[in-house]
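Notes for the one structure printed next.
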Amino acid sequence: YEDLTVAENLRLFADCCNNDSGLRVLSEEVIRFQLSAFLERRVSECSQGIARRASIVRALLNRPELLLLDEPYSSLDQIGRAALDQVLAQYKSAGRTVLLASHDPEILARHTGPRLVLRGGEVADVTPRPEQSQQALH
């Protein structure tokens with residue numbers, strides 16, 4: 001909500017998590033995404049990069065098993081990109097699922113896993129999970 005501060009927005013969504021872990025996650029992610037200096041600013045007064053960092057933190061509050069990200073790196077500065085890379089690596093190591101949509105091949109190259117390529121609204125290529133390709137060899 002643009003008329004609320006970053007902190008008010010994040011607290012609102014943390015309260016919606018309905019458990020104590022939302023506030024703990026909030027604290028961890030505010031530090032990781034370096035949002036402390038921006039907490040008292042209205043979202044409408046923040047840069048797109050800061051607003052994007054806050055929206056990513058908001059998405060992480062409930063530590064969902066499935067994280068859906070559509071062009072998550074757009075408008076992110078270097079701090080936000082590094083923090084998001086850390087989050088995605090942690091998700092992968094924890095066995096959680098991330099669905100990341102991007103038009104940027106450099107971003108996609110940094111993240112391993114199965115891929116689905118769409119061209120003209122049609123599936124153009126599917127890269128299987130590593131364990132699927134190993135099974136195919138046996």
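The values are calculated or read from the model by the stated rules, or taken from the named source; none is laboratory data. Given the structure is predicted, the values throughout are model-derived calculations rather than measurements. No Cβ is skipped: glycine too gets one built from the backbone with ideal geometry, and neighbour counts run over all protein chains shown. Areas reflect the complete protein model, heavy atoms only, side chains present, ligands, DNA and RNA absent. Shrake-Rupley method; radii C 1.70, N 1.55, O 1.52, S 1.80 Å.
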Just read off the accessible area of residue 127 with the full protein assembly in place, 1.4 Å probe, to the nearest 10 Å².
-> 60
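What full-extension length gain, to one decimal in nm, is calculated for residue 71 and residue 27 as 0.36 nm per residue of separation minus the Cα-Cα distance? Working shown, then result.
Working: separation 44, 0.36 × 44 = 15.84 nm, distance 2.45 nm.
Here the segment from residue 71 to residue 27 would lengthen by 13.4 nm.
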Nearest 10, in degrees from 0 to 90: the angle of helix 48-60 to the longest Cα principal axis of the chain is 70
Nearest-ten-degree value, helix 21-32 long axis tilted from longest Cα axis of the chain = 90
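About the Cα centre of region 26-128, how large is the charge dipole given +1 on each Lys and Arg Cβ and -1 on each Asp and Glu Cβ? Please answer in debye to the nearest 20.
Its charge dipole is roughly 200 debye.
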On Cα atoms only, tilt of 6-16 relative to the major axis of the chain in degrees | 70
Region 20-88 shape via C-alpha gyration tensor axes, a/c threshold 1.5 = oblate
Obtain the nm distance between the two label points defined at residue 40 and residue 119 by a simple spin-label model: each point lies 7 Å from its Cα along the Cα-to-C-beta direction.
-> 5.4
